1. Any residue in the range 62-71 that is of a type in the set (A, V, I, L, M, F, W, C) and within 26 Å of ARG223 (Cβ to Cβ)?
2. What are the residues in the range 224-276 that are without any contact (Cβ under 8 Å) to a residue 24 or more places away in the chain and of a type in the set (Lys, Arg), if any?
3. So which pairs qualify, if the first residue must be in the range 337-348 and touching a residue at least 60 places away in the same chain (Cβ under 8 Å) and more than 17 Å from MET183 (Cα to Cα), the second must be part of a loop (DSSP other than H, G, I, E, B) and of a type outside the set (Lys, Arg), the Cβ gap must be under 9 Å, and the two must be at least 6 apart or on different chains?
4. Across the range 184-219, what is the number of residues that are over 16 Å from VAL376 (Cα atoms), of a type in the set (A, V, I, L, M) and outside any loop (DSSP other than H, G, I, E, B)?
5. Being among the polar types (S, T, N, Q) and within 25 Å of LYS331 (Cα to Cα) is the filter here, so list the residues in the range 256-297 that pass it.
6. Name the residues in the range 214-250 that are small (Gly, Ala, Ser) and open to solvent by 20 Å² or more (accessible area, probe 1.4 Å), would you?
7. Please indicate, with yes or no, whether at least one residue in the range 157-170 is open to solvent by 30 Å² or more (accessible area, probe 1.4 Å), touching a Ser or Thr at 6+ places or on another chain (Cβ under 6 Å) and either assigned to a loop (DSSP other than H, G, I, E, B) or modelled with pLDDT of 95 or more (or both).
Amino acid sequence: MTRNGIGIRTAQVRSERLTGQIHVYDGIGKGKSQAALGVVLRSIGLGINTPSDSNRVLLLRFLKGPERDYDEDGAIAALQRGFPHLIDQVRTGRAEFFGHDEITPFDRTEAARGWDVAKGAIASGLYSVVVLDEINPVLDLGLLAVNEVVQTLKSKPQELEIIATGRGAPQQLLDIADLHSEMKPQHHPTAEALFLEGIEIYTGLGKGKSTSALGKALQAIGRGINHPGSTRVLIMQWLKGGSGYTEDAAIAALQKSYPEVVDHQRCGRDAIVWRNSRQELDYVEAERGWEIAKTAIASGIYKTIILDELNPTVDLELLPVDPIVQALLRKPRDTEVIITGRCQNQPAYFDLASIHSEVYCHKHYANQGVELKRGVDF
């Protein structure tokens, strides 16, 4: 990926791409649907701050029928109540896993219904983002014709972003994708031997790490809204001291309506930090963020704690590893901690992860010189 050292606030005044991209998140690791939810959160945040009808997202979910409740439902419903012009959600299928030999006429009918919605949404020009959650396994199961789906996506409106998720993405879809991130699970015997649970890590060179964490936060916020008093969420972000992140407005809206459910903190300079450009303030801000995070982990007040970009903060040697290891070993069993970010050298706390998805970059439009986009990439 091209590295030009431009910070996020500077990036706001840069020319943004107008051409929408086709994103595919697949693999057997965790984080695919979460990444889609993260994009939803960012898109809504952009729409809140942009008084126009040009930012609307459709969250179309295959194989996730309405008879089952999902954690994120409460948060999505809250955002729909506050900003009904920014998000639509449609769910199709039965809410259970099934294989090729268990397909029923209902499954085919529901897949066709979902695809009818998708085709209409893509052609309508009403949406800036269309999420086709779990369409990959629908194609893999043969519930929809791959050729028809691929041709429809290839002829989409120029500015429309398409997000396709799920295991088993067919090669024809991968061939037309502008971005392809594969989530690969990594296993850690130490975590299994110590019976550790509730520590998730998303790392690697592919896109989808922070985005997955935002999706995880949306799920946890929704759980707190649906079950008052059951959970509180902390989103702690390192190396992101700027003000150009579109998810902020959506998180702030949820905070306003449900202040008892979510807290959001940032630390760091408004700049991209390289090893040869570290400043004293970077160390101070990293330590400030860790003091907040360490207290939150130990307190038991928060049931979901997002430590976004902690990995590169440690990789840059802005924080020592051992205090993080000790804090994770002592965390309450019912507290889940989600850690994100790329790193060259895996720190010792990776061995404590019960879930670890390495996000592999097969394709990324940025590598082709395509600009990033607010509401999707940041």
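1. Checked the range 62-71: at least one residue is of a type in the set (A, V, I, L, M, F, W, C) and within 26 Å of ARG223 (Cβ to Cβ).
2. LYS256
3. VAL337/GLY198
4. So the answer is 5.
5. Let us first name the residues in the range 256-297 that are among the polar types (S, T, N, Q), namely 257, 265, 276-277, 279, 295.
Across the range 256-297, the qualifying residues are GLN265, THR295.
6. GLY229, SER230, GLY241, SER243
7. The first filter runs over the range 157-170 and keeps only residues open to solvent by 30 Å² or more (accessible area, probe 1.4 Å), leaving 157-159, 167-168.
Checking which are touching a Ser or Thr at 6+ places or on another chain (Cβ under 6 Å) leaves us with 158.
If we keep only those that are either assigned to a loop (DSSP other than H, G, I, E, B) or modelled with pLDDT of 95 or more (or both) too, we end up with 158.
Scanning the range 157-170 turns up at least one residue that is open to solvent by 30 Å² or more (accessible area, probe 1.4 Å), touching a Ser or Thr at 6+ places or on another chain (Cβ under 6 Å) and either assigned to a loop (DSSP other than H, G, I, E, B) or modelled with pLDDT of 95 or more (or both).
Listed here are the residues, each with its yes/no results for (1) within 20 Å of the chain's Cα centre (by Cα); (2) among the β-branched types (Val, Ile, Thr); (3) closer than 23 Å to HIS23 by Cβ.
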site: GLU336; (1), (2), (3): yes, no, no
site: GLN344; (1), (2), (3): no, no, no
site: ALA353; (1), (2), (3): yes, no, no
site: VAL359; (1), (2), (3): yes, yes, yes
site: HIS362; (1), (2), (3): yes, no, yes
site: ASN367; (1), (2), (3): no, no, yes
site: GLU371; (1), (2), (3): yes, no, yes
site: ARG374; (1), (2), (3): yes, no, yes
site: PHE378; (1), (2), (3): yes, no, yes
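The values are calculated or read from the model by the stated rules, or taken from the named source; none is laboratory data. Predicted, not measured: the structure shown is a model, and the values here were computed from it. All Cβ positions, glycine included, derive from the backbone under ideal geometry; neighbour counts span all protein chains shown. The area values use the complete protein model at the heavy-atom level, side chains included, leaving out ligands, DNA and RNA. Shrake-Rupley method; radii C 1.70, N 1.55, O 1.52, S 1.80 Å.
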